[in-house]
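Chemist: Here's a structure for you.
Bear in mind these aren't lab numbers, they're just calculated from the coordinates by the rules spelled out. Predicted, not measured: the structure shown is a model, and the values here were computed from it. As a convention, Cβ positions derive from the backbone with ideal geometry for all residues, glycine included, and neighbour counts pool all protein chains shown.
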Amino acid sequence: MDDLEALEAEARASLAEAGDEAAVDAWRVAWLGRRGRLTTVLRGVRDLPPEVRPRVGAGANRLKAALEDAGDEHRTRLLASAADAESIDVSLPGRNPPLGSLHPITLTRRLLERTFRDMGFDVVEGPDVELEEYNFDRLRIPAGHPARDMWDTIWVAGDDDGPRQLLRTHTSPMQIRYLERREPPIRVIVPGACYRYEATDATHEWMLTQIEGLVIDENLSFAHLKGTLEAFVRRMFGADIETRFRCDYFPFVEPGAELGVRWQGDWLEVLGCGMVHPEIIEDAGLDPERYTGFAFGMGVERVAMLRYGVRDIRHFYRNDVRFLRQFEGRR
Ligand code: FA5
């Protein structure tokens with residue numbers, strides 16, 4: 001019985017030194033395993049004289065149970081203190097929750113809006129589903145006019161059920177809608193989505209974002225158009241940006257032009273523009289001798305490509321998070 005007591009003291013001292021779960025397992029094998037020290041003692045009980053055998057046997061069995069409990073308790077204590085150590089380190093830095101981020105086109109659109117607001121423009125929006133009349137006819141593009149080929153159209157309702165409707169191919173119909181409601185002086189931009197039944201490539205998407213601009217007042221000339229757009233481009237891209245105006249044709253302006261920006265050693269068309277056609281001013285009930293103005297329609301994806309160095313417009317709407325994550329944290 002004295003031996004058992006000594007054995008217990010030794011076993012408990014060795015358990016106290018076990019610093020992790022693996023050490024507790026090793027301790028259990030060494031003391032309680034098939035060839036463990038206590039197991040060997042238990043096996044030796046049958047060789048003892050019969051008068052002491054029951055007492056020593058019972059004592060050894062009690063000791064076995066006590067050591068098993070001690071091993072379990074020690075393991076539980078170790079696990080609990082490891083968990084405590086993890087949960088109470090208040091000095092660790094916080095981790096951001098996954099909040100998502102703004103889409104590069106949203107970022108660019110907001111920046112464009114701010115830039116034009118700073119230049120004194122109002123911001124309004126118009127409908128994505130538009131009447132044929134506003135998208136084409138009242139912009140001097142009647143049915144059968146060859147200029148309709150410039151905008152491959154996605155129609156949403158046929159001739160039988162009332163006026164024909166379409167997904168607007170550009171934001172220019174808002175020129176007419178705004179002129180119906182407002183008196184000059186007018187200085188407004190209209191951001192929004194446009195849709196074209198069009199094959200896609202590195203610089204063309206079938207859904208695109210435009211920002212329309214309309215300025216109507218007395219005594220406005222092409223010099224105002226050029227000055228406004230150049231000031232805008234310098235604000236967006238810096239004073240060194242290389243630009244060029246070239247003649248272009250749009251039925252609702254006269255004269256018409258396009259503005260290109262130097263991009264990857266080439267020119268990227270960013271917007272179409274021109275002096276608002278006198279017939280459109282007259283149709284709005286204004287005297288074209290007194291009121292003149294200019295308009296422009298800008299591709300927001302094209303501006304975003306320039307700003308972020310994106311080489312293929314199709315990245316914007318692929319929803320590949322590896323692409324989108326690059327804009328995290330931007331405002
Ligand atoms: C127009 O849509 C005219 N409404 C612009 C305008 C407004 C002219 C006011 C005069 C006065 P255009 O189809 O060229 O024009 O498109 C204008 C701009 O939108 C282009 O310069 C380009 O930046 C962008 N854009 C046009 N088509 C696409 C497309 N498929 N994908 C991406 N951007 C496009």
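Chemist: Along the positive direction of the dipole of segment 2-86 (beta-carbon charges: Lys, Arg +1; Asp, Glu -1; about the Cα centre), which of 57, 78, 23 reaches farthest?
Modeler: Among 57, 78, 23, the one farthest towards the positive end of the dipole of segment 2-86 is 57.
Chemist: Can you tell me which of 285-296, 171-182 comes out highest on packing, and rank the rest after it, using the mean Cβ neighbours within 10 Å?
Modeler: Details: 285-296: 17.8, 171-182: 20.8.
Top of the packing list down: 171-182, 285-296.
Chemist: Mind checking the full-extension length gain between residue 35 and residue 262? Use 0.36 nm per residue of separation minus the Cα-Cα distance, one decimal, nm. Walk me through the intermediate numbers first.
Modeler: On the way: separation 227, 0.36 × 227 = 81.72 nm, distance 8.33 nm.
Working it through step by step, the gained length comes to 73.4 nm.
Chemist: Now for a separate question. Taking only C-alpha pairs under 8 Å that are 6+ residues apart, what is the relative contact order of segment 2-86 in percent? Can you show the working numbers first?
Modeler: Details: 51 pairs, mean separation 31.2, N = 85.
Normalised by residue count, the contact order of segment 2-86 is 37 percent.
Chemist: From the convex hull of the Cα coordinates of segment 187-294, what is the mean projected area in square nanometres? Could the numbers behind the result be given before it?
Modeler: Numbers: hull surface 31.6 nm².
Mean projected area for segment 187-294: 7.9 nm², to one decimal.
Chemist: While we're on this one: Dipole of the chain, Cα-centred, from +1 at each Lys and Arg C-beta and -1 at each Asp and Glu C-beta, to the nearest 20 debye? Write out the running numbers ahead of the final one.
Modeler: Values: 44 positive and 57 negative charges, 281 e Å.
Value, rounded to 20: 1340 debye.
Chemist: In deg cm²/dmol and to the nearest 500, what is the mean residue ellipticity at 222 nm of the chain if only DSSP H runs of at least 4 residues count, each as -39500 (n - 2.57), divided by the residue total? Intermediate results must be reported in sequence, preceding the final value.
Modeler: Numbers: 11 runs with 133 residues, N = 331.
Value at 222 nm, helices only, nearest 500: -12500 deg cm²/dmol.
Chemist: Additional query: For the peptides 37-47, 250-260, what is the packing order when you average, over each peptide's residues, the other Cβ atoms within 10 Å and list the highest mean first? Intermediate values should be presented prior to the final figure.
Modeler: On the way: 37-47: 13.5, 250-260: 20.3.
The most tightly packed comes first, giving 250-260, 37-47.
Chemist: Return, for the Cα atoms of segment 91-158, the radius of gyration and Dmax in Å, separated by a comma.
Modeler: Taking only Cα atoms of segment 91-158, I get Rg and Dmax of 20.8, 72 Å.
Chemist: If you don't mind, there's one more thing I want to ask. Counting Lys and Arg as +1 and Asp and Glu as -1, what is the net charge of the other residues whose Cβ lies under 12 Å from the Cβ of residue 230? Don't jump to the answer; show the numbers that get you there.
Modeler: On the way: positive: 226, 234, 235, 244; negative: 242.
Every neighbour counted, the sum reads +3.
Chemist: Still on this structure, please answer the following. Of 156, 129, 143, which is farthest towards the positive pole of segment 125-172's charge dipole, taken about the Cα centre with +1 and -1 on the beta-carbons of Lys, Arg and Asp, Glu respectively?
Modeler: 143
Chemist: State whether segment 142-181 is rounded, prolate or oblate according to the following rule on the C-alpha gyration tensor (a ≥ b ≥ c being the square roots of its eigenvalues): a/c under 1.5 gives rounded; otherwise a/b larger than b/c gives prolate, and the remaining case gives oblate.
Modeler: Values: a/c = 1.80, a/b = 1.22, b/c = 1.48.
Because a/c hits 1.5 or more and a/b fails to exceed b/c, segment 142-181 counts as oblate.
Chemist: What Kirkwood hydrodynamic radius, in Å, does segment 2-86 give when the mean of 1/r is taken over all pairs of distinct Cα atoms and then inverted?
Modeler: On the way: mean 1/r = 0.0727 Å⁻¹.
Evaluated over segment 2-86, this radius sits at 13.8 Å.
Chemist: Report the net charge of residues surrounding residue 241, where surrounding means a beta-carbon distance below 12 angstrom and charges are Lys +1, Arg +1, Asp -1, Glu -1.
Modeler: Net charge in that neighbourhood comes out at +2.
Chemist: Take every Cα pair under 8 Å in the chain that's 6+ residues apart, average their separations, divide by the length, and report that relative contact order as a whole percent.
Modeler: Details: 473 pairs, mean separation 49.7, N = 331.
Relative contact order, the chain: 15 percent.
Chemist: How are the C-alpha pair distances of segment 104-327 spread across 10 Å bins, as whole percents from the shortest bin up?
Modeler: In order of increasing distance, the bins hold 7, 33, 38, 18, 4, 0 percent.
Chemist: Could you grab the relative contact order for segment 200-331? Cα pairs under 8 Å, six or more apart, rounded to a whole percent. Don't skip to the answer; put the middle values down first.
Modeler: Working: 199 pairs, mean separation 41.7, N = 132.
The value is 32 percent.
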